[in-house]
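Structure record follows, encoded as structure tokens.
What follows is calculated from the coordinates using simple rules that are stated; it is not laboratory data. Computed from a predicted model, the values in this text were never measured in an experiment. So basically every Cβ, Gly included, is an ideal-geometry build from the backbone, and we count neighbours across all protein chains shown.
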Amino acid sequence: MKLLIAIVQDQDVDFLTDALTDKGYRITKLATTGGFLKKGNTTLLLGIEDSQVDEVIDMIKENCKKRTAQTQIVNPTAETAMFQSIPMEINVGGATVFLIDVEKYLRI
Ligand code: 2BA
């Protein structure tokens, strides 16, 4: 058995969780925050059989889109406050996935 942890963008989460629950997967949804953008995202926890890993990853790929986001980076060499932060465009997603071996799974 595996624990799949998927960090997904909030815009994608309902599509993905609907698709997963329709197929009978059990999901825990956590409201999380990205350390870089400091914006909300969603972390999903799924306990799944090894044989289900490929299907779940395919569903994540289908439902989680790549997007661009704007942020500001600090320019430490700027001489005036006006130039201290530089706008920057970054790519976010589709999703970040971790897959962990589960030693024991109990529903008591
Ligand atoms: P954030 O930390 O808010 O990062 C948002 C996006 O900013 C990232 O998209 C990446 O394109 C960029 N980014 C993050 N850290 C960066 C850095 N040090 N320098 C330059 N650009 C950086 P994604 O890679 O798609 O990540 C989306 C979210 O997934 C992240 O939100 C974070 O919450 C999570 N995440 C990604 N990789 C992770 C990891 N190795 N460990 C834990 N969480 C991770």
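Cross-link partners among aspartates and glutamates for K65, C-alpha distance below 14 Å, same-chain residues fewer than 8 apart left out?
Cross-link targets: D10, D12, D14.
For the chain, just run the numbers: alpha carbon Rg, then divide by 2.2 N^0.38 Å, N being how many residues it has.
1.37
Using Cα atoms only, what is the angle between the long axis of helix 10-22 and the major principal axis of the chain, expressed in degrees (0 to 90) to the nearest 10?
10
For region 47-90, report the translational diffusion coefficient in µm²/s to the nearest whole number, using Stokes-Einstein at 20 °C, 1.002 mPa s, and a Kirkwood Rh over Cα pairs.
D = 153 µm²/s.
From the cross-link list K2/K39; K38/K104; K23/K104; K2/K38, which pairs have alpha carbons spaced over 26 Å apart?
Result: K2/K39; K38/K104; K2/K38 exceed 26 Å.
For region 41-91, state which trypsin sites (Lys or Arg not before Pro) are in a DSSP loop and have at most 11 other beta carbons lying within 10 Å of their beta carbon.
Within region 41-91, the qualifying trypsin sites (Lys or Arg not before Pro) (loop, at most 11 other Cβ atoms within 10 Å) are K66.
So what's the gap between the Cα centers of region 13-53 and region 63-108, to the nearest angstrom?
Measuring centre to centre over Cα atoms gives 17 Å.
If the chain between D18 and I90 were fully stretched, how many nm would it gain, using 0.36 nm times the residue separation less the Cα-Cα distance?
23.1 nm
Given springs between every Cα pair under 10 Å in a Gaussian network model of the chain, which of E49, E79, E89 has the largest fluctuation?
Of the options given, E79 has the highest mean-square fluctuation.
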